[in-house]
1. Put a label point 7 Å from Cα along the Cβ direction on residue A:128, then list its distances to the equivalent points in the other copies in nm, shortest first.
2. Given Cβ point charges of +1 (Lys, Arg) and -1 (Asp, Glu) and nothing else, what value in debye, to the nearest 20, does the dipole of chain B about its Cα centre take?
3. As an exercise, use a Förster radius of 25 Å and the Cβ-Cβ distance of residue B:97 and residue A:94 to find the FRET efficiency, rounded to the nearest 0.05.
4. Taking square-rooted eigenvalues a ≥ b ≥ c of the alpha carbon gyration tensor, is segment B:4-64 rounded, prolate or oblate, where a/c under 1.5 means rounded and, failing that, a/b exceeding b/c means prolate?
5. Shortest first and in nm to one decimal, what separations exist between residue B:70 and its copies in the other chains, measuring from label points 7 Å along the Cα-to-beta-carbon line?
6. Quick check on the exposure proxy: order B:97, A:35 from fewest to most C-beta atoms within 10 angstrom.
7. Tell me, what is the FRET efficiency for residue A:124 and residue B:57 to the nearest 0.05, using R0 = 45 angstrom and their Cβ-Cβ distance as r?
8. Taking the label point as lying 7 angstrom from Cα along the Cα-to-Cβ axis, what are the distances from residue A:36 to the corresponding position in the remaining copies, in ascending order and in nanometres?
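Bear in mind these aren't lab numbers, they're just calculated from the coordinates by the rules spelled out. Since we're looking at a predicted model, the values are computed, not measured. FYI the Cβ positions are ideal-geometry reconstructions off the backbone, even for glycines, and counts take in every protein chain you see.
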2 protein chains.
Amino acid sequence: MRVLGVDPGLTRCGLGVVDGRPGRAAMVAVGVVRTPGDADPGERLLYLEREIEAWLTRYAPDVVAVERVFADVNVRSVMTTAHATAVTLLAAARRGTPVVFHTPTEVKAAVTGSGRADKAQVTAMVTRILGLSSAPRPADAADALALAVCHAWRGAQTSRLAALAEGTRS
Amino acid sequence: MRVLGVDPGLTRCGLGVVDGRPGRAAMVAVGVVRTPGDADPGERLLYLEREIEAWLTRYAPDVVAVERVFADVNVRSVMTTAHATAVTLLAAARRGTPVVFHTPTEVKAAVTGSGRADKAQVTAMVTRILGLSSAPRPADAADALALAVCHAWRGAQTSRLAALAEGTRS
């Protein structure tokens, strides 16, 4: 399963592509899209949209995994994050690629075994799991890869359970 | 000045077009876009995008006025509102139409004289200002018209003040 992980944001949007199945994961690509804070909000979204569409075209993921964002102390940052999430949803819907959401807790638990792990621990585990020679930088890139790993592992599990449940019902 | 007011939402997105200048306003069109809550989130955004693009094409507004949303008790509703706002920003940016934001308080003050007016009062004044034979329904449609009136009146004022300030500086 090929997963494009997206850590949504307008100032920095982390993107990471992983090929994986439970217990195995290989990095295909990683990057960060940045848009200038003083640019027009609509122009920033257009730019992000073009970049995400380019990644979808280049890497043709089976699924896009996005971080589910909850309330934050900073309302403004929650809004721009939600805008970046909407752009991701639109771009994926346009080509029929499914989008799944994972909470930060799910991602941390998937890659470190603990939903309370800190950022350094997540980055360390992502680096180890993907066999990278150095930690992905910035943190948004590491988070996007962690999301992709999380879904490649959990998603497959969930699908298997759903298939089993389906089998039981039929 | 022709203004498309947008009361952003996914379940119901209010749209209202007004031709106006300070003290004068005429309704051109009003409507509500609804998307089913059980549909795929990306598909809902795509549908809303197509509708907003159709309104931009049909009515060619000079500017789009969107309600600036702050935190709400319901985090989920804030998120879908932010997603609808992002779709509006994208659609407008694609054709180079400027987008402005007004807070609910600004809108209420512009059409009723009080930033603390309730919904019924706003609807009553929108109906009166636009010379409508009956109140626009649902509330989202009235809110979109109120936004458009607010910008046609305040926006022109702001532009005039900006021009005066510019004249003073030069």
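1. List, nearest first: 7.0 nm.
2. The dipole of chain B has a size of about 500 debye.
3. That pair, residue B:97 with residue A:94, gives E of 0.75.
4. prolate
5. Label-point distances to the other copies, shortest first: 2.3 nm.
6. B:97, A:35
7. The calculated FRET efficiency here is 0.30.
8. 4.5
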